[in-house]
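Derivation of every value follows stated rules applied to the coordinates shown; laboratory data play no part. A quick note: this is a predicted structure, and the numbers were derived from the prediction, not measured. Here the Cβ positions follow ideal geometry from the backbone for every residue, glycine too, while neighbour counts run over all protein chains shown.
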Amino acid sequence: MRARSFISTTGTGITRVTEGEPSNTEHLHGHSVSSLATGAAKTGLVLAGTEDSGIFLSSDGGVIWTQSGLADETVMAVAVAPSDPRRFYAGVRPSGVFRSDDGGETWVESESFRQIRGRRMWRSPASPPFTAYVQALAVSPDDPDVVVAGIEFGAVVRSADGGETWSNHRPKAIRDCHSLVWHATEGEFVYEGGAGIGKRPGARSTDGGESWRKPGGGLDRGYGWSVAAHPTKPTIWYVSASTGPFAAHGGDDAKAAVFRRTGERNWVRLDGLPGTSMPYALVTDPAMPDHLWAGLADGSIWHSPNRGDDWDQLDERLPAVERAMVMVPPA
C-alpha cells in the first residue's frame, strides 16, 4: 500500500515527501516548474508544467518522470480531466490553451482561445505588456469537454466543447485569477481564488462556470490564492488570502489566513496556521472529506481533521512550496 505523498514546486524543480519516510526526493532538478496537477484518486498520475521544457508526466505518484510534449512552450498551468485520465489541458504564456486526448503523446492548440474578445487587455501585473498567461485550469468531473481557464490578470473563460470555442469573461468571476478548482463530484460547482476587489478573495459558480458570485462577510483581506472544496459537501469551501501581493510573495510576513465558508453563512477565519507564510496550496481527499491540508511557502505542511478548526504540522517537510503543491493519496 502506497503512503500519502506531497509534491511541491520549489523554484529549482520539484520535491516529493512521503508520510513516514525520513527524507525528501528531488526531481526535475534545474527545471522551472510552474504548475502541478493530479489525475483521479489512486491512479498515481501527476503532471508538471515547466517554463523551459514543456510538460513532464509521472504515472507512479511522482517517482519517475518523462517528458510529455510542448517542449517549446512556456507552460504555466496543467489539468487532468477527472472522468478521462488521458485528457489533459495545458495553459501557456502568452495566453493559450492546448489539449491532449492521448495522455500527452500529442497536443493540439485551441486556435479560438487566441481570438477571445478583450484579450488585448489581459496583463499580468508582474509581466511585460501582451505576455499575460493562463494561471489556472479546471475540468468538470462529469464531462472532459467542459473546462474553465483563468488568466492573471485578465479573465475567467469557459469552454463546453473541449476548447473548440470559448466564452468571454464570465460574469462576477475574479479577473485576477490565481486558482480554479472543480468540485470532486458535483459538476455544477466551481471555485476560484484571486485578487478580489473589496476584500473578496474567493468566487463560486453553481452553474458549471457560466456565472459566478463573490460572497463577502467575515473577511479582512482580499488577495486570494489557493482554493479548495469539501469533497462531499459542495457548499463548504476554503480560500487562502493575504492583504496584498507584496505581503503574500515578499518572504517576510505574508499576513496570511485561511477562511472557510459554509452555505450562506459568513466566512470564518481558521486560526492555528502561522500567518507569516503564505498557504499556496489547499488540498482535500475524497476518502477523508472532513480533512484539509495546507502547504505553506516555507515548506511546512499542516493538517486539519475537522474542516480547519484545528491544525497540526506534519513531521514531513518540503524545502518550499513555490506556488503549487499536490497530494497523492494512498493506493
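Points to keep in mind about this one:
- For Gln135, distant residues with modelled amide H under 5 Å away: Gly150, Ile151, Glu152
- Packing rank of 183-191, 76-84, where each peptide gets the mean count of other beta carbons within 10 Å, highest leading: 76-84, 183-191
- When you count the other C-beta atoms within 10 angstrom of each residue and take the mean per peptide, 247-253, 229-235 line up highest first as 229-235, 247-253.
- For region 47-55, the Karplus equation 6.51 cos²θ - 1.76 cosθ + 1.60, evaluated at θ = phi - 60°, returns couplings of 10, 10, x, 10, 8, 10, 9, x, 10 Hz by residue, with Gly and Pro reported as x.
- Taking amide H positions as modeled 1.01 Å from N, with prolines and chain starts lacking one, the residues under 5 Å from Gly308 and 5 or more places away or on another chain are Leu292.
- Ordering Ser124, Leu70, Gly13 by Cα displacement along the dipole of the chain toward the positive end leaves Ser124 in first place; charges were set at the Cβ atoms of Lys, Arg (+1) and Asp, Glu (-1).
- Highest-MSF residue in the chain out of Glu51, Glu105, Glu316 [GNM, Cα springs under 10 Å]: Glu105
- Near Gly244, the amide H atoms lying under 5 Å from its own belong to Tyr223; only residues 5 or more places off or on other chains count, and H is placed 1.01 Å from N.
- Charged-residue dipole, Cβ positions (Lys, Arg, Asp, Glu), region 220-331 about Cα centre, Debye nearest 20: 440
- Mean separation of Cα contacts under 8 Å, 6 or more apart, over the residue count of region 72-317: relative contact order %: 10
- Sorted by Cβ neighbour density within 10 Å, fewest at the top, the residues Ser34, Ser304: Ser304, Ser34
- Within the same chain, lysines fewer than 8 places from Lys199 are excluded, and of the rest, those with a Cα less than 17 Å from its Cα are Lys172, Lys214, Lys255.
- Rounded Å value of the spacing that divides the Cα centres of region 170-203 and region 1-76: 25
- Per-residue Cβ neighbour counts within 10 Å put Met278, Met121 in the sequence Met121, Met278, beginning with the fewest.
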